[in-house]
Structure formats: structure tokens, C-alpha cells
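Q: Right, I'll just put the structure down here and ask away after.
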Amino acid sequence: MTPQTPTTDATGPATLATRRDGAPLLSVRDLHTSYFADEGTVVAVDGVSFEVREGRTLGIVGETGCGKSVTARSILRIVEPPGKIVQGEILLHRNGTSVDLVQLPEKGDEIRAIRGGDIALVFQEPMAAFSPVHTIGDQIVEAVRLHSQLSKQEARDRALEWLRLVGVPRAKERLDEYPWQLSGGLQQRAMIAMALVGEPRLLIADEPTTALDVTTQDQILVLLRDLQDRTGMAIMLITHDLGVIAEMADDVVVMYLGRAVEEAPVDALFHMPQHPYTKALLRSIPNIHAGHRTRLPIIAGSVPHPYERPNGCPFHPRCPDAIPGRCDTEAPEESQAGDGHRVRCHLMGTVPHDGSANHGEVMT
């Protein structure tokens, strides 16, 4: 079935109301995912909790190595060995009931039906996700038939329909081309088409604009917003680019070394950041109001090696406001900083949070 353009009324598109007030679609609670190797255990996701709501976009942001992609793979139960979900719940809400994806056999029929059916994933590098020896059409047709009872010709018609919908030019010819014959932007559009043929309720986009030129990046983001407005699907957008977050997200989770250190509505995050890591990320954004040849502030140090996780707050070795004897020994508990605004930091309530890192006006 072709996605229909939402009806409008005096307040605008119907999907906008859904995006504001969407019910929980996916609830991730205290998720822990680790990799067990001979050299030691790597804790990739360390107690992450968040919700994705119907019709809304949740942005997951953080530096490379913070556990963003492993979180996405954990949700779909495609963590590669020796990785394993150690504990936690991943609740998919549908038809008035909830199913815990962690409890499903990772190769069972139910989780296979959920992948691409309820939840779809757009990989970071489409060329690595597509098979180079099968045509684009064959791969999309396979995805269609996996989640429907359509004949091969009907599935091919559906594939063509979606390629046109995502803006692939000469879509009928592209069906019989191989992935390596397409540009990076067209590969990404084809990957989005393959992800959406099952009409999922949630699309996980893992760095969907990486390695694309600026113009193509903008086209892909506009495409995702348009498809969300057409279908009402939720999006979980994984990126390290705060500009993309400002443009796309309704809610944001900031991750550092496998932990969610701050979660907030996008406006609150940009205008009233509370965690020192969030503030440091915002300070590193180029400011159009800065003076000539002004140096950008940098975050001291780097994300620690997985085998050398610091005690206490994971960010304390790089934090200019760390409290000796506390931040380096005690893991911070979660605090409320406002409606829907949660922070894990010992500084909450001890120093004024004036949002001095605010560059929100630059991004909007």
C-alpha cells in the first residue's frame, strides 16, 4: 500500500499532532550489552534507558565509540559475537500489548518478522549492507516478499514504487542495476527504500548522511522528514552531528562511553544543557557570530579505551568541573532537570547551570 499524504486541518498536517503527543512505541530499560573476548570484557552499552514515541524523532548523539550503533543493533538483536545483551528490557508496544525483544530467540520467526516489519534499519554504509552481486531490484523484492504474500511481479512493482517515492531517478532502470553502479546518494536512497518496503513503525537510521556531500546530506534529511510526515513512522536517528540533531530531532539522548548522560527535548538540550559533556559538544559547534579566526574550543582528551574504563563518572577524566574524590569514585545517579529532562551528573544542584554553552540560536 502506498503511503498516503496526511490530511490537514486548521492546525496543519495531522502528523504534527502525532509527533507532539505520540504514545511510547519502544521502551529501552537498563540495557547492558558487552563483548566477551580473551583480552577482557568490553562494556559497549552500560545501563541505557530511553523511549521512542510514535511519529517522533529521537536523536542519539555522541562521539565515536560511545555505544550508539551497538544500542541500535541490540534493539534488532543483531549484535555480532562475541557480543551479548547481558541484561535489560527492550519493549516493543503494539496492539495494546508489549513484547520484550531481549527474551526472543535472536534467530526465531518472531524477531525476524519484527526486523523490517515493525522496526527497520538504515545502515551507516549502504555499500557494505547491499550485496554487490545482486541487483538493487532483487534485494528490495526479497525484502518485500519476506514481509508480505505478494507475488514476485507484485513485489517488483512495490519495489519500483518505493524507489520512485524516495526520489531515485530512472527508477525502473535502477531496479536492474547493481549497488556499485549507483552513486553514494542513490545507494542511500535505495537503502531507505528497502528499509521502508515493509512499512515499519520505527526506522533506525545509523549515520545516514556519513560520507555524503553536503547537498546530498540535506536531500537525505529532507527525504526522511517527508517520509515521516507521509507515514507517521517514528525515527531513531544516530549521529555525531549536532547540526543534524537540531534540524531533525524532537528528543535527544546524549551518550558517553555506553551511558546516557543526558536526555531532553531538543530545545531544552540546545538552550539549557546541563551535563558538562553536552556543553562541551555544543561549544565545539562553529558559531557564525564568532570573531575572525577564532579557535573552536575542544574537549580535552579522548573517549577512553574500552578496556580502560574510568571509575565513577565515565567523563570525569575530561571534565573541567570534576569533583575530586567523588566524580572519580562514584557513578552519578539520574536527576531531573525539568520536564522530560534527565541528567547523570554529580554537579546537578551544586553549581549553577546557566546554559553558557548555548548555541541553539545558531542551529535553528
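Q: Fewest to most neighbouring Cβ within 10 Å: what's the order for S151, S34? Kindly include the intermediate steps, with their values, before the conclusion.
A: Details: S151 10, S34 21.
Going from sparsest to densest Cβ surroundings: S151, S34.
Q: Now for a separate question. If contacts are Cα pairs under 8 angstrom and at least 6 residues apart, what is the relative contact order of the chain in percent?
A: On the way: 676 pairs, mean separation 69.5, N = 364.
Dividing the mean separation by the residue count of the chain yields 19 percent.
Q: Looking only at G62, G258, G108, which one moves most when the chain is put into a Gaussian network model with springs between Cα atoms under 10 Å?
A: Of G62, G258, G108, the Gaussian network model singles out G108 as fluctuating most.
Q: Report the net charge of residues surrounding S34, where surrounding means a beta-carbon distance below 12 angstrom and charges are Lys +1, Arg +1, Asp -1, Glu -1. Don't jump to the answer; show the numbers that get you there.
A: On the way: positive: K84, R309; negative: D46.
Every neighbour counted, the sum reads +1.
Q: Could you bin all the Cα-Cα distances of the chain into 10 Å bins starting at 0 and give me the percent of pairs in each, rounded to whole numbers?
A: 5, 23, 32, 25, 12, 3, 0
Q: Now, a different point. Provide the descending list of Cα extents for segment 85-185 along its principal axes, expressed in whole angstroms.
A: The Cα atoms of segment 85-185 stretch 45, 28, 22 Å along the principal axes, largest first.
Q: Note down the net charge around H316, summing +1 for each Lys or Arg and -1 for each Asp or Glu among other residues with Cβ under 14 Å from its Cβ. Walk me through the numbers on the way to the answer.
A: Values: positive: R259, R309, R318, R326, R344; negative: E308, D321, D328, E330.
Cβ neighbours under 14 Å give a net charge of +1.
Q: A further question follows. Which residue, A280, A37, A234, has the most motion in a Gaussian network model of the chain that connects Cα atoms within less than 10 Å?
A: Residue with maximal mean-square fluctuation among A280, A37, A234: A37.
Q: Straight-line reach from K172: which lysines fall under 25 Å, measuring Cα to Cα and dropping same-chain residues less than 8 apart?
A: Counting by Cα, and skipping residues close in sequence, K172 has these lysines nearby: K152.
Q: Estimate the FRET efficiency between A113 and I78 by the formula 1/(1 + (r/R0)^6), using the beta-carbon distance for r and 25 Å for R0, to the nearest 0.05. Could the numbers behind the result be given before it?
A: Working: r = 14 Å, r/R0 = 0.57.
FRET efficiency, A113 to I78: 0.95.
Q: Mind sorting T209, T41 by how few other Cβ atoms lie within 10 Å of their own Cβ, fewest first? Working shown, then result.
A: Numbers: T209 23, T41 14.
Least crowded to most crowded, the residues run T41, T209.
Q: Sticking with this structure for a sec: With the crude spin-label approximation of a point 7 Å out along Cα→Cβ, what separation in nm comes out for Q149 versus A211?
A: So the two model labels end up 4.0 nm from each other.
Q: Something else: Report, ordered by chain and residue number, the lysines lying within cross-link reach of K107, taken as a straight Cα distance under 20 Å and ignoring same-chain residues fewer than 8 apart.
A: Answer for K107, where 20 Å is the Cα cut-off: K84, listed by chain and number.
Q: While we're on this one: Whole-Hz ³J(HN,Hα) for each residue in segment 332-337, computed from phi via Karplus 6.51 cos²θ - 1.76 cosθ + 1.60 with θ = phi - 60°, x for glycine and proline: what do you get?
A: Working through the residues one at a time gives x, 7, 6, 10, 8, 10 Hz.
Q: Which cross-chain or sequence-distant (5 or more) residues have an amide H under 5 Å from the amide H of I60, H modelled 1.01 Å from N in plane?
A: Hits under the 5 Å cutoff: L237, I238, T239, V253.
Q: Could you list Y178, Y35 in order of exposure, starting from the residue whose Cβ has the fewest other Cβ atoms within 10 Å?
A: Values: Y178 15, Y35 18.
Going from sparsest to densest Cβ surroundings: Y178, Y35.
Readers should treat all values here as calculations from the given coordinates under stated rules, not as data from a laboratory. These numbers were taken from a predicted model, which means no experiment stands behind them. Note that we place each Cβ from the backbone using ideal geometry, even for glycine, and neighbour counts take in every protein chain shown.
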